[in-house]
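S.K.: What follows is a single structure, and I will ask about it in a moment.
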Amino acid sequence: MPQRRKPLANNPYLQPMQSMGYLSRVNFRMFSRALEKLTLPHGVSSGQWRLLRVLWEEDNITQRELSERTGTKEATTVHAVRSLVEAGFAQRTRCSKDKRKFYITLTPEAHSLRATLMPKVATINEIALAGIDAGEVDIARKVLAKTYANLCDHLGEMNV
């Protein structure tokens with residue numbers, strides 16, 4: 001006789017719309033899609049966007065540093081950097097002291113995009129947060145920052 005499975009405990013986190021991980025993931029995907037709709041006309045994909053955001057803050061960093069700061073695997077970063085170079089947004093330069101390292105530097109064109117594209121972030125955030133009280137937004141920011149820090153600590157990863 002087949003054994004019956006016991007029903008899962010009544011844990012709210014097992015329901016997708018109650019799970020912090022699920023909600024974070026679907027929100028990330030929607031933010032990315034909405035933002036890409038505004039950046040793509042300027043030749044910037046969502047993958048390129050994450051790198052540009054970091055490089056606008058600090059240019060001429062190693063590919064490994066870029067990978068760490070964007071929270072992406074090095075192979076993913078290599079592909080994204082290649083697309084930035086092909087689009088004319090970045091240059092990849094080998095380190096003279098350590099030939100294994102590459103530095104990523106933005107082109108003047110990429111630097112000039114900052115003034116055009118950064119306001120798009122505010123637009124998407126305003127759309128996403130419409131009808132939500134400022135106090136609730138502040139609490140949500142604190143919760144998301146803390147869950148991120150907790151998971152970085154748990155995994156032994158750098159909290160950027």
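Every number here is computed from the coordinates shown, using simple stated rules; none is lab data. Being a predicted model, the structure only gives us computed values, none of them experimental. FYI the Cβ positions are ideal-geometry reconstructions off the backbone, even for glycines, and counts take in every protein chain you see.
S.K.: Could you work out how far apart the two model spin labels at residue 95 and residue 152 are, taking each label as a point 7 Å from the Cα in the direction of the beta carbon, and quote it in nm?
M.R.: 2.2 nm
S.K.: Let me ask something additional. Step by step: find N for region 77-141, compute 2.2 N^0.38 Å, then divide the Cα radius of gyration by it. What's the final number?
M.R.: The reported ratio for this selection is 1.68.
S.K.: As an exercise, use a Förster radius of 35 Å and the Cβ-Cβ distance of residue 86 and residue 10 to find the FRET efficiency, rounded to the nearest 0.05.
M.R.: 0.10
S.K.: Here's a follow-up. Could you work out Rg/(2.2 N^0.38 Å) for the chain, with Rg from alpha carbons only?
M.R.: Against the empirical 2.2 N^0.38 Å value, I get 1.30 for the chain.
S.K.: Is there a quick way to get the dipole size of the chain? I mean about its Cα centre, with the Cβ of Lys and Arg at +1 and of Asp and Glu at -1; what is the value in debye to the nearest 20?
M.R.: With Lys and Arg at +1 and Asp and Glu at -1, about 720 debye.
S.K.: Considering all alpha-carbon pairs of region 37-124, what whole percent are spaced by more than 20 angstrom?
M.R.: Cα-Cα pairs of region 37-124 separated by over 20 Å account for 30 percent.
S.K.: For residue 142, which lysines qualify as cross-link partners when the Cα separation must be under 27 Å and same-chain residues fewer than eight apart are set aside?
M.R.: Candidates past the 8-residue exclusion: 73, 120.
S.K.: For the peptides 104-113, 122-131, what is the packing order when you average, over each peptide's residues, the other Cβ atoms within 10 Å and list the highest mean first?
M.R.: Descending packing order for the listed peptides: 104-113, 122-131.
S.K.: Given a Förster distance of 30 Å, report the FRET efficiency between residue 59 and residue 159 from their Cβ-Cβ distance, rounded to the nearest 0.05.
M.R.: That gives a FRET efficiency of 0.85.
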